[in-house]
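Read through the structure below, which is laid out as structure tokens, and then see the notes.
No value in this document is a laboratory result; all are computed from the given coordinates. This is a predicted model, so every value here is computed, not measured. No Cβ is skipped: glycine too gets one built from the backbone with ideal geometry, and neighbour counts run over all protein chains shown.
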Amino acid sequence: MHGIVRGPDRRGMRGVMVSNGHDVVRTDDDGAFRLPDRGRFVFLTRPAGFTASPWWQPAGPDPLTFDLDLHPQALPFAFVHLSDTHVSVPGGMAVGSQRSEHALYPEGGLAGQLGDFLTALPEVAPDVQAVFLTGDLVDHGLPDEYAALMEVLGASPAPVHTIPGNHDHMNGGHENVLTAHNYLTNTGDPAEYERHLGPRWYSFDVPGLHVVAMDWHTHELGLDDAAQEAWLRADLAQVPEHTPWALLFHDQPGRYVLDAAPRPPVATFSGHWHTSRVVEVDGVLHVNTPPALFAGLDYSPPSWRKVTWDGERFTLDTIALHAPARSEAAGALRKATIAATPRPGTAAVGRSGAGVTAWQTFLAGAGHRQGVSVAGDRLFAGSQIEDAPAGAVQALDARTGEVLWTARTAAAVKVSPAVVGDLVVAAEVTGDVAAYRAETGEPVWRRPSSDPLRRFAWGAPTPAGQSVVVGDQADLRRLDARTGEVLWRRTDLAPHHNLVNHAAPLVVGDLVAIGWWPSPQYPRGLDLATGADRWPAEAAASLADFPEAKRLLVMGTAAFDPATDAVLMPGYAATISVDATSGRLRWIARHEGSFSPAAPLVTDAGVVVTVGGRGLRLLDPEDGGTRWDLPVAPAAPFPLQPYAKTGGTVLAPPLLLEDRLLLPGLDGTVRTVSLEGTELARLDLGVPIAAPLTDAGEHVVGIGVDGGIFALEKGDLS
């Protein structure tokens, strides 16, 4: 295969990289190139400051001509990182289909949403020079979805660089497979992506940076991993060693991917997990961006990132897509769950002007679903910073809100710290677990993650005597809280996959009870002392059909009902009751709410469950029957429930305070509800609350999505 690359003057241009997907060469003095006769495409590495249309052509025996045109670029180079747009086409919503409103994931993105976002870029981010879109461009890999996508991309005011994700290779199928790397994913066929978008791995240059794009899904499936890795080595061999490079990959790349490169990248950009996660591992920045068009599986709002490369480092600005323009809290909501954003006129510590809060201060980072832990007159909170690989654990005076100490962390802390004796134990999103002295914040020990690249840790550590149980279904550990020593570890409960786990272990006596999604499909009971199975495998024998099994996708932390000896778990559109002794299913109470992470609340009146996005329900602990139902009108400024495009008000569980319930809302209110299901009062705090409230003695304490931690006078809540 051979041809010529011409510059803007339409003369041959020297030194341009050309590839067939296996071999990489540079053009000679006349702009000519010659490649071995293999591969489906021939494509250019577009040099910084140039563009080409087309930049790829089907391979064939005839001479190929590529014309480069000037496309001015400069440092700092700003681009938008988008991921997981899941463009779908309305219609065809047959019950039982993947496009059905009854399906587990009923909503994808719409081409119009993506088009509106891209069209607005010159106004919203006028300095942006490109868009990097890292996979799951369409929802089911179908031709009509690709047609809608291509129309939108063709009208974009900024060039869009795409790579495929696993959904792009579905071609309407959804069969699962376990890969050689113990990864649970779907099978795939890349033909439809190639037909519409061409090469699935390629490179291009921007000022001071070489960018490599690869196909994670077919690499993970083993369809072309060796070919992609060989091409990567050939591509980087043509790039001077001093030139930094970045990797676009649909999933966060594991070590087996990064180790295939002759030298490490300076950064990777990915999606796939439908989460926000920014970490640094071995000096490499890893940026995982949530869906832009609907809420993420970490209950993050639809978001996008503006990334600026200055020739040496990247700066991130993560923005909630649905931030309202007209609101006193608009500035805070623009960075909702992303960074601490004190509102104008709000004192760092002190009584608010509205007279509602006893005190309010702001954490080092944003709040989200993490609550506050209490020990004596101290509060302990974790916070997240989504614009950098950073977070914090902090101690505050429960009476005044004064920050007593701050321990900065190398990654976000998205869960509540656990207080064990005189230590505070916190888990970072990498899976690292560390202990700090409760009095001073002095670090005591750190237990590194088993795999900081593949651990996406959203489960809080649970105290168990002088230990904590922490982890996910692929790596669950019991650690000695005094030393960090691993007392036992389970890595056989489920394969690795990309669906984040929000469930913290429930410890009842010598039982550790926990459920996950999507695997293992049935909740597990383990022995606290050894980590061995306590519940027999036969406990799942009653599950006969797929719809029933779907209700066992456990979304959050369980609760224990001593009156019925039951473990109560929040599932997908259901609450699940499991016998604590045998592990056998007692009942399933179906309800609306799909992804509902809030733990059930056991009261004398019954079991209070949070129906995510909808309201509260009281269940009979014996059979799961509904005793009362309290809908809460949806009034949230943006969606936080996974796959949702509109905001529901309720996400966090209520707090039981004597004979009443305190329900925090995404509409910025705290509702007081009787145990008979009647709303008694409402306080307006002005900023969404996704985290549970905590009884802190004199006050009730909570964290807003802007990172503001507040204390409410109990008398105001009666």
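A Cβ-based charge dipole, computed about the Cα centre of the chain with Lys and Arg at +1 and Asp and Glu at -1, lands at about 640 debye.
Ranking 181, 287, 270 by Cα position along the charge dipole of the stretch 181-300, where only Lys, Arg, Asp and Glu carry charges on their C-beta atoms, puts 287 farthest toward the positive end.
Over the chain, Cα pairs under 8 Å with separation of 6+ residues give a relative contact order of 9 percent. Taking 0.36 nm per residue of sequence separation and removing the Cα-Cα distance, the residue 628/residue 29 pair yields an extension gain of 207.6 nm. Taking each residue as 0.36 nm, the span from residue 151 to residue 698 lengthens on full extension beyond its C-alpha to C-alpha distance by 191.0 nm. Between amide H atoms placed 1.01 Å from N, distances below 5 Å from residue 467 occur with 481, all of them 5 or more places distant or on a separate chain.
Under the simplified labelling scheme, the residue 194-residue 280 pair shows an inter-label distance of 4.0 nm, with each label point 7 Å from Cα along Cα→Cβ. Candidates 342, 497, 122 compared by Cα position along the dipole of the chain: farthest toward the positive end lies 342, with charges placed on Cβ. Inter-label distance, residue 176 to residue 38: 3.6 nm, where each label sits 7 Å from its Cα along the C-beta direction.
Excluding residue 674 itself, calculate the net charge of residues whose Cβ lies under 12 Å from the Cβ of residue 674, where each Lys or Arg counts +1 and each Asp or Glu counts -1. Overall, the nearby charge balance is -2.
Among 419, 610, 600, whose Cα sits farthest toward the positive end of the charge dipole of the chain (+1 at Cβ of Lys/Arg, -1 at Cβ of Asp/Glu, about the Cα centre)? Towards the positive end, the residue furthest out is 419. Per-residue Karplus couplings for the stretch 237-254, computed as 6.51 cos²θ - 1.76 cosθ + 1.60 with θ equal to phi - 60°, are listed in order as 5, 8, 10, x, 4, 7, 7, x, 9, 10, 10, 9, 8, 4, 9, 4, x, x Hz, Gly and Pro entered as x.
Protection proxy ranking of 304-315, 410-421, 118-129, by the mean of other Cβ atoms within 10 Å over each peptide's residues and highest first, is 410-421, 304-315, 118-129.
Based on the alpha-carbon gyration tensor of the stretch 210-254 and its eigenvalue square roots a ≥ b ≥ c, which shape applies: rounded if a/c is under 1.5, prolate if not and a/b is larger than b/c, or oblate? It comes out oblate by the Cα gyration axes.
If R0 is taken as 45 Å, the Cβ-Cβ distance between residue 62 and residue 519 corresponds to a FRET efficiency of 0.35. Can you flag which of 306/335; 414/714; 306/414 are past 20 Å Cα-Cα? Where the Cα-Cα span goes over 20 Å, the pairs concerned are 414/714; 306/414.
Taking amide H as placed 1.01 Å from N in the peptide plane, residue 420 has its amide H under 5 Å from the amide H of 425, each at least 5 places away in sequence or on another chain.
Near residue 9: Cβ cut-off under 11 Å, other residues only, Lys/Arg at +1 and Asp/Glu at -1. The net charge is +1. Phi angles across the stretch 431-446 convert, under the Karplus curve 6.51 cos²θ - 1.76 cosθ + 1.60 with θ = phi - 60°, into 3J(HN,Hα) values of x, 4, 10, 9, 10, 10, 5, 4, 6, 10, x, 5, x, 10, 7, 9 Hz, Gly and Pro given as x. Protection proxy ranking, highest mean first, for peptides 669-679, 169-179: 669-679, 169-179, where packing is the per-residue count of other beta-carbon atoms within 10 Å, averaged. The distance between label points at residue 22 and residue 492 comes to 4.3 nm (points 7 Å beyond Cα on the Cα→Cβ vector).
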